1. Looking at the structure I just gave you, is residue 66 surrounded by 16 or more Cβ atoms within 10 Å (Cβ to Cβ), away from ligand 2 (no atom under 13 Å from the Cβ) and either in contact (Cβ under 8 Å) with a residue 40 or more places away in the chain or among the hydroxyl-bearing types (Ser, Thr, Tyr) (or both)?
2. Output the residues belonging to region 6-57 that are among the aromatic types (Phe, Trp, Tyr), at pLDDT below 95 and away from ligand 2 (no atom under 11 Å from the Cβ).
3. Could you check how many residues of region 53-96 are part of a loop (DSSP other than H, G, I, E, B), of a type outside the set (Phe, Trp, Tyr) and more than 11 Å from ligand 1 (Cβ to nearest atom)?
4. Can you name every residue in region 33-50 that is more than 6 Å from ligand 1 (Cβ to nearest atom) and of a type outside the set (A, V, I, L, M)?
Amino acid sequence: MPAGAVIMEPGNSAERFTGDWRTFKPVINQDKCTRCLRCWVFCPEPAISIVDRQYTSSSGRAWKNSVEINYDYCKGCGICVEECEPKAIDFIEEVK
Ligand code: SF4
Ligand code: SF4
């Protein structure tokens, strides 16, 4: 990145792997996740997405998709952890 973090070519955020900054890591508990995507709305990075991965919860509920975090871009800010109403995201110390 140039000195002063000047952006010379707009629209290049996907080239910046902000996951290197992380000291704490959000981990989604698929059993508690209601697929509301509130975390996706608030995440400042392109780090949260809904993927076509079926999941059956311990209570027997069958989901057609899962919400996942891309750790190449998750910088560990914790906003998703705060915004997740069912408290489905654990925030654990990163181990490198
Ligand atoms: S905010 Fe929480 S419950 Fe909603 S999709 Fe994200 S992890 Fe799941
Ligand atoms: S910790 Fe921050 S960057 Fe990482 S997924 Fe949550 S909101 Fe996005």
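1. So residue 66 passes the test.
2. Once the filter is applied, which keeps residues that are among the aromatic types (Phe, Trp, Tyr), at pLDDT below 95 and away from ligand 2 (no atom under 11 Å from the Cβ), region 6-57 yields only 17.
3. 18
4. Result: 40, 42, 43, 44, 45, 46, 49.
Residue-by-condition table, conditions (1) surrounded by 15 or more Cβ atoms within 10 Å (Cβ to Cβ); (2) in contact with an Asp or Glu (Cβ under 7 Å, 6 or more places away or on another chain); (3) of a type outside the set (D, E, K, R):
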| position | (1), (2), (3) |
| --- | --- |
| 17 | no, yes, yes |
| 33 | yes, no, yes |
| 41 | no, no, yes |
| 89 | yes, no, yes |
| 96 | no, no, no |
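The values are calculated or read from the model by the stated rules, or taken from the named source; none is laboratory data. These figures come from a predicted structure and were not determined experimentally. For neighbour counting, all protein chains shown are included, and Cβ atoms are generated from backbone atoms with ideal geometry for every residue, glycine included.
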